[in-house]
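Structure, as structure tokens:
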Amino acid sequence: MTLIDFMKVSGKWLRRYLDIPVSETKLCETFTNIGLEVERVEHIGAARQETLVVGEIQEIRQHPNADKLSICTVCVGPNDVRQIVCGAKNFKLNDHVPVALPGTILPGDVKISRSNLRGIESDGMMCSGKELGMGEDHSGLLILDRNIPIGICLHDAIEIDWDIIFDISLTANRGDCLSHIGVARDLAAKLNINLKLPQIHGLDASKMGRPQDHFLEKISIETDNCECYSAICIKNIKIGDSPAWMKQNLVAVGMRSINNAVDIGNWVMMETGQPVHIFDARKIRSNQLTIRQARDGETIVSLDGQKRILNADMVIICDAERPLVIAGITGSIDAEVDSNTTDVLIESAYFNPDNIRKSAKSLGVSTESSYRFSRDIDTANIVNYGQRVANLITEICGGEIVAASWTVGSPKRQSFVMDFQPSSVEALCGFAIPFKVVEDILIKLGFLVEKSKSDNWKITVPAHRPDIACASDIVSECLRIYGTDKIPMTATQYIGLQHESDCSAVFCQNVSNYLSSQGFFECYNFALRSYEEIEDLYGKNSALPMRNPFNIDQNCYRSSLIPGLLDAIKFNIQNGNSDVKFFETGHVILKIDEKFNECFSIGCIMPTKPLGRSWQSVEPVGFYDIRGLILPILKNLSQRLAQFDIVKVSNIWQPELAAHCGFLTREKFQATCGFLNVNLTKNFDIKQHMLAAEIVIHPAVFARKPEKVSYKPFSQFPRISKDLSLVVRLDEIVANVENNVMKAAQKNVSKDVLIESIKVFDVYRGKEIPDGTKNIGLTINYRSNGRTLTDSEIQVAFNAMQLEIEKLYSIRKQS
């Protein structure tokens with residue numbers, strides 16, 4: 001069973017329903033213009049051509065330079081005699097044969113032209129049956145009846161099995177075009193021609209319901225994955241070969257002929273898009289069918305002879321003793337139609353598309369049936385298309401319909417009515433399509449249109465179009481058929497924005513350059529994460545789910561860049577790359593004041609120690625390293641930075657070992673940096689401690705005017721440094737100590753004295769200080785812009801500062 005990924009459409013088959021007025025090339029173009037993309041075109045047999053004619057051999061003579069070649073004089077029409085060199089030996093004078101004149105294209109894309117064969121000119125080619133695509137006989141020329149007039153087109157003289165096959169690629173929402181009638185319906189609308197639907201003989205009301213001849217006594221549906229099941233029973237049929245035209249149609253679309261009954265089911269599926277299954281009715285034990293979920297471990301031998309192990313997610317059709325069909329996918333050998341079959345049961349049903357898709361994927365099986373069920377079928381004609389099969393079986397195989405239709409359940413999805421304003425076409429497309437054209441397009445596509453004098457129509461959306469949900473979809477259909485090539489040309493004026501003129505782009509480029517210069521590698525991760533991951537990291541109602549996600553692992557837009565960077569770390573570690581300092585710039589979705597906002601974000605991550613081995617010893621990095629890394633970025637955003645505060649509890653950050661600065665509601669940006677939560681890194685199979693930082697910036701930051709930056713000359717006078725040693729509680733935040741010392745120092749100096757900087761040079765824990773405390777060493781730098789400071793005045797200020805902070809901390813040592 002091969003994978004099905006396109007619809008094979010037979011040009012000859014399409015002509016059952018349409019009088020196509022365009023050429024093959026134009027037809028290919030038309031398919032593409034209406035959204036049915038042609039992947040490949042294949043020719044079967046010799047197409048009708050005026051250069052492929054009937055000729056009469058009037059003279060035969062030996063080729064002077066080749067023993068196996070003959071030179072023939074062939075009449076191909078009134079006053080039209082050609083010299084043709086031929087290698088066949090099965091012809092004689094006055095034989096009528098097929099002649100391909102120069103310009104003819106034969107099967108296999110063989111182009112006939114004038115040629116020189118061993119020094120003799122040949123003006124065409126006399127053809128064998130194989131060369132015309134009429135079988136495998138290549139032993140000699142195809143000899144025609146001498147009563148056939150000379151010079152007429154060969155297709156008018158004999159029946160040639162020719163066809164053109166279009167391999168059409170369909171989008172997932174166009175299940176209605178997985179049939180020749182569906183494709184013909186779209187072509188009829190585009191070419192504005194009439195669609196000729198097949199006649200289905202009406203149902204005999206006296207034979208509705210349960211069969212009277214003990215074919216079937218019970219049908220029960222025991223699963224929600226089957227909404228409707230219809231059965232038709234026929235007795236006394238004769239199994240044999242299918243008619244030649246049906247075999248040709250099936251082979252043309254890539255299916256093999258099995259027997260007349262099975263072929264009819266397959267042929268109707270390709271005609272209507274409704275998969276059907278044909279049972280040998282006498283093989284159904286206890287005359288009952290049950291549609292239910294399979295049991296884990298249940299087995300079935302499918303029609304291809306493979307033993308299939310089922311699970312509880314799959315739907316089966318079974319009799320009183322065993323499974324007979326994997327619903328919507330494949331039948332079993334236990335109820336297949338064979339040469340001894342005389343009575344059949346025709347199944348036409350509706351199964352849940354999602355269930356069929358998952359079951360087929362689980363089994364590793366893709367059939368024409370599962371391909372159609374998984375893309376949704378026409379729910380309004382389930383019974384009618386089953387009856388179409390019954391009509392053809394009685395016509396071709398004989399037999400008598402015992403029960404015209406026994407139907408259990410009904411599909412939930414049916415046609416429905418919606419309001420539609422034809423003026424909305426112009427409102428959405430930007431140009432007008434005449435209302436009459438809109439009406440004609442919709443009617444030819446199978447919609448019912450009820451017009452009113454006002455700009456409000458009632459449109460009945462047919463059941464074969466589950467992809468139509470709103471008025472915008474109707475407008476899209478009108479534009480698709482009307483033709484995008486008819487959109488009028490208009491002059492468009494716009495103001496171009498160069499990369500250098502966009503504040504956010506310039507900022508992003510500057511950040512990328514800066515972090516790259518610090519030894520980080522840039523990552524580009526997918527912006528979608530799982531809903532559960534975001535809820536777990538950021539709390540309930542913090543995630544913005546997608547309405548129609550591709551899969552459950554990527555069903556929500558990210559709220560942080562950190563998980564994606566952790567994925568990159570994990571991938572690189574698993575692949576032996578130890579250089580894992582990564583950063584990323586991109587957008588995230590965060591809830592601000594109960595509303596979701598799209599913000600710009602910068603994230604970076606690195607291990608505390610190098611992962612690879614080295615002969616050099618490298619000092620581990622810590623909180624102050626990652627904070628120092630992002631400070632230049634923050635200063636680029638604002639010259640008035642808020643202080644970093646400790647993160648008490650977070651699912652991303654390690655409690656007490658990370659800090660944040662700023663608020664999106666106030667400063668319009670926020671930064672967090674420090675150690676990642678060890679439980680989070682373990683979830684990504686990362687054993688090392690990781691440092692990270694993330695800056696989230698509200699779009700309003702890039703819209704406001706940049707802050708004015710003022711510059712002052714460096715002081716020409718020397719500074720004076722004082723060291724301060726403080727013993728503080730172990731849980732005291734060093735950043736808070738820095739801020740308090742800065743405030744106390746600034747308060748106790750004169751106006752012309754600057755506190756140039758306060759730096760931590762040591763943090764100590766050990767036996768020499770009390771338990772539960774730590775010693776922090778700080779250097780305070782004093783300087784003046786206008787004079788040389790004296791040590792005595794600075795000592796006075798330093799002593800006063802100590803008195804200030806004695807209220808907060810115990811001073812251990814000063815100098």
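When Val22 is tested against (1) under 27 Å from Cys127 (Cα atoms); (2) modelled with pLDDT under 90; (3) in a loop (DSSP other than H, G, I, E, B), exactly one condition is not met: (1). The requirement of being within 30 Å of Ser370 (Cα to Cα), at pLDDT 90 or above and either of a type in the set (Gly, Ala, Ser) or touching a His at 6+ places or on another chain (Cβ under 6 Å) (or both) is satisfied by Ala184. Just give me the residues in segment 254-295 being in a loop (DSSP other than H, G, I, E, B) and of a type in the set (A, V, I, L, M, F, W, C), in sequence order. Met255, Ile258, Ile284, Ala294, listed by residue number. Across segment 745-776, the number of residues qualifying as small (Gly, Ala, Ser) and either within 30 Å of Pro713 (Cα to Cα) or in contact with a Pro (Cβ under 6 Å, 6 or more places away or on another chain) (or both) comes to 3. Scanning segment 451-472 for residues that are of a type in the set (D, E, K, R) and either touching a residue at least 12 places away in the same chain (Cβ under 8 Å) or closer than 20 Å to Leu178 by Cα (or both) yields Lys451, Asp455, Lys458, Arg465, Asp467.
Taken together, the residues in segment 80-107 that are free of Cβ contacts under 8 Å to residues at least 24 places away in the same chain and farther than 12 Å from Gln58 by Cβ amount to 1. If you go through segment 39-54 and keep only what is at pLDDT 90 or above and either in contact with a His (Cβ under 7 Å, 6 or more places away or on another chain) or farther than 23 Å from Gly108 by Cβ (or both), you end up with just Val54. Scanning segment 167-195 for residues that are outside any helix (DSSP H, G or I) and buried (at least 24 other Cβ atoms within 10 Å of the Cβ) yields Leu178, Ser179. Sort out which residues of segment 321-339 are touching a helix residue (DSSP H, G or I) at 6+ places or on another chain (Cβ under 9 Å), assigned to a loop (DSSP other than H, G, I, E, B) and open to solvent by 50 Å² or more (accessible area, probe 1.4 Å), and write them in order of number. Selection gives Glu321, Glu336. Of the candidates Phe521, Phe571, the single residue that is more than 24 Å from the chain's Cα centre (by Cα), open to solvent by 70 Å² or more (accessible area, probe 1.4 Å) and without any contact (Cβ under 8 Å) to a residue 24 or more places away in the chain is Phe571. Quick check, is Phe675 open to solvent by 100 Å² or more (accessible area, probe 1.4 Å) and in a strand (DSSP E or B)? Considered against the rule, which asks whether it is open to solvent by 100 Å² or more (accessible area, probe 1.4 Å) and in a strand (DSSP E or B), Phe675 comes out as no.
Within segment 283-304, residues that are in contact (Cβ under 8 Å) with a residue 60 or more places away in the chain reach partners that are open to solvent by 40 Å² or more (accessible area, probe 1.4 Å) and charged (D, E, K, R) with beta carbons closer than 7 Å, at six or more positions or on different chains, in the pairs Asn287/Glu217; Gln288/Glu217; Gln288/Lys218; Thr290/Glu222; Ile291/Glu222; Arg292/Glu222. Here Ile164 meets each of (1) part of a loop (DSSP other than H, G, I, E, B); (2) farther than 23 Å from Cys72 by Cβ with one exception, condition (1).
The set of residues in segment 69-100 being closer than 17 Å to Ile120 by Cβ and surrounded by fewer than 17 Cβ atoms within 10 Å (Cβ to Cβ) consists of Thr73, Val81, Gln83, Gly87.
The values are calculated or read from the model by the stated rules, or taken from the named source; none is laboratory data. What you are looking at is a predicted structure, and each value in this text was computed from that prediction instead of being measured. Note: ideal-geometry Cβ built from the backbone for every residue, glycine included; neighbour counts use all protein chains shown. With ligands, DNA and RNA removed, areas are computed over all heavy atoms of the protein, side chains included. Shrake-Rupley method; radii C 1.70, N 1.55, O 1.52, S 1.80 Å.
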